[in-house]
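Comments concern the structure below.
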Amino acid sequence: MFYIYCPYCGEHREEEEFHPKGQAHLERPKEPEACSDEEWGDYLFFRDNPRGVHHEMWVHAVGCRKFFNVTRHTVSYEILETYKMGEQPSITADSQSQAREGAAVSQQEGVRA
Amino acid sequence: MSNAATFDTRTETAIPVESPLAYSYRRSGAPQAGGPSRLQLRERAMLGHLILRGGAIVLDEAVRDVLGLNLPGQPQTLVQDASGERSIQWLSPDEWLVIVPGGEEFPLETKLREQLGSAHFAISDVSGGQTLIELSGEAARELLMKTVVYDVHPSHFPVGKGVTTVFAKATTILRRPSEDRWELVIRRSFADYCYRWLLDAGAEFGINVQQ
């Protein structure tokens, strides 16, 4: 069971109260008429399916009924952070891999020392 | 004054009115504990329930003028007047539940609409859609522990808190107006199901239903 932090309620709640709602940060093209079929099709139907850090939209369905974003690791299922709609994630796949490289470097240095 | 169409849901005509639990009382009865009871259940039927939606600052001013209560700004909070008859509960960042004695909801709605004028807000009278069930007694918390997914330990659920959560797979608003009293706001359509669940879950504590 997940124990999810709702940024609007300001506390952790049981997973049962939430629903996942798919990939977050999808931006509707400003001018749909000016899109090629491929661009419009990508926007409508094609979603990321990463192995690792993924940004998703969830809704606190039984509770405040607000949508918010969740950064979740698709391998470990770990929820790395939750943040309100309109905000940007502080943890991304890039920041995670940089942190890992940093840790690896310091480990090597540790070995050398 | 906004141009929303409003009407009083309580009519003058003599139409028999039944609480959402009337059917359940007939079907499942109202058990009385023979000896001392650790759990009491009482429905507070026919109260006035209003849902307020809008910006906190605008609504707060109107509610303070009309009802004399502050709009709770902090999540999961419940405020009541001195008598405990009127209460406002935070439901979401732009939504509050107001419960007042039956019959007061329409005058209150009208006054709030006058006060709010052309501000951006919504008021819905949901009195007919839900009912309030009160649980008291020393076993009330034990019963809730078996039933809701939310942590009801006093350190996590102090007096003056109210949350929307899952109650036996149904949605409920759970609130704690005083030390030994818990309130459940349940949907009319789930009232019979919840009532029967409460009777079943409360049997071991010798539940006592006050009608």
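All of the numbers you see were taken from the coordinates with simple rules; none came from a lab. Bear in mind that the values here come from a model prediction, so they are computed numbers and not experimental data. Reconstructed Cβ throughout: ideal geometry from the backbone, glycine too, with neighbour counts over all protein chains shown.
Data overview
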item	result
Additional length obtainable on full extension of the chain from B:E18 to B:A56, 0.36 nm per residue less Cα span	10.2 nm
Percentage relative contact order, chain B, counting C-alpha pairs under 8 Å, at least six apart	30 percent
Per DSSP, loop chymotrypsin sites (Phe, Trp or Tyr not before Pro) in the range B:1-53 with at most 10 further Cβ within 10 Å	B:F7
Set of lysines near B:K169 by C-alpha distance (under 28 Å), chain-local residues within fewer than 8 positions excluded	A:K21, A:K66, A:K84, B:K146, B:K161
Relative contact order for the range B:37-162, counting Cα pairs under 8 Å that sit 6 or more residues apart, in percent	39 percent
Separation of alpha-carbon centers, the range B:171-189 and the range B:1-50, rounded to whole Å	14 Å
Low-density loop cleavage sites - trypsin sites (Lys or Arg not before Pro) in the range A:1-39, where at most 16 other Cβ are within 10 Å (DSSP)	A:K30
Chain A - mean residue ellipticity at 222 nm from DSSP helices (-39,500 (n - 2.57) per run, n ≥ 4, rounded to 500)	-8500 deg cm²/dmol
For the range A:3-112: rounded, prolate or oblate by the Cα gyration tensor [a/c cutoff 1.5]	oblate
In range of the label at A:E15: residues from the range B:122-152 whose backbone nitrogen is under 18 Å from the point 7 Å along Cα→Cβ	B:149-151
Alpha-carbon centroid distance for the pair the range B:125-141 / the range A:16-77, whole angstrom	37 Å
Within chain B, helix-based [θ] at 222 nm, where runs of 4 or more DSSP H residues each add -39,500 (n - 2.57), nearest 500	-7000 deg cm²/dmol
Full-extension gain in nm, A:T92 to A:E39, via 0.36 nm per residue minus C-alpha separation	16.7 nm
Pair A:A103, B:V149: separation of 7 Å Cα→Cβ label points (nm)	3.0 nm
